Amino acid sequence: MTIDYGAIKTTHILLVSLSVLFFCLRGYWALNDQLQQRGCWVKILPAAIDTLLLASGLGLLLLSGFSPLNQFWLALKLLLLLGYIVLGALALNYGPRSARPGLLIASLGLVTLMIFLARLKPSIW
């Protein structure tokens, strides 16, 4: 059985799109004080998508041979991912209510940077 890199990459891109879409939707609900009223699926579905996203990312890492130790763009992307997780948690749940719009925008800015890094894969000398 051959593992198809293209299929995993396509799945990864689809999962990124779904993850960001659900994040935006949850952000909208959080800003309008409606997030807690949406039921448990609002926590379960994004967590499942993000778990599959992580698995597909690890699969791409293994198949491509890339490593954050020798690919600057990948190391930076992983650092931005950590920042996105922290800012996203603050934007949706833990940050001050008045700071949540800015935290939401900042977290989406980090996602944008991660997408650019993944697409361009810049090298640093």
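In this Cβ point-charge picture (+1 for Lys and Arg, -1 for Asp and Glu), the chain has a dipole of about 180 debye about its Cα centre.
Take the Cα of Ile124, step 7 Å toward its Cβ, do the same at Leu78, and the gap between the two points is 1.4 nm. Taking a straight Cα-Cα cut-off under 27 Å and skipping sequence neighbours fewer than 8 places away in the same chain, the lysines within cross-link reach of Lys43 are Lys9, Lys77.
First check a/c for segment 78-125, with a ≥ b ≥ c the square roots of the eigenvalues of its C-alpha gyration tensor; if it is under 1.5, answer rounded, and if not, answer prolate when a/b is larger than b/c or oblate otherwise. Since a/c reaches 1.5 and a/b is larger than b/c, the shape of segment 78-125 is classed as prolate. Computed from the Cα positions only, the extents of the chain along the three principal axes stand at 45, 38, 18 Å, in decreasing order. Is the shape of segment 1-53 best called rounded, prolate or oblate, per the rule: a/c under 1.5 gives rounded, else a/b larger than b/c gives prolate, else oblate, with a ≥ b ≥ c the square roots of the Cα gyration tensor eigenvalues? The shape class here is prolate. The simple spin-label model puts a point 7 Å past each Cα toward its Cβ; for Leu63 and Leu31 those points are separated by 3.6 nm.
Summing Lys and Arg as +1 and Asp and Glu as -1 over all other residues whose Cβ lies under 13 Å from the Cβ of Pro46 gives a net charge of +2. Summing +1 for each Lys or Arg and -1 for each Asp or Glu among the other residues whose beta-carbon sits under 14 angstrom from that of Leu76 gives +3.
Give the shape of segment 17-83 as rounded, prolate or oblate, defined through the alpha-carbon gyration tensor: a ≥ b ≥ c are the square roots of its eigenvalues, a/c under 1.5 means rounded, and otherwise the shape is prolate if a/b is larger than b/c and oblate if not. Verdict is prolate for segment 17-83. For Leu108, neighbours were defined as the other residues whose beta-carbon sits under 14 Å from its Cβ, and their charges (Lys and Arg +1, Asp and Glu -1) total +2.
Bear in mind that the values in this text are calculations on the coordinates, not laboratory data. Predicted model, so just to flag it, every value in this text is computed and none were measured. Reconstructed Cβ throughout: ideal geometry from the backbone, glycine too, with neighbour counts over all protein chains shown.
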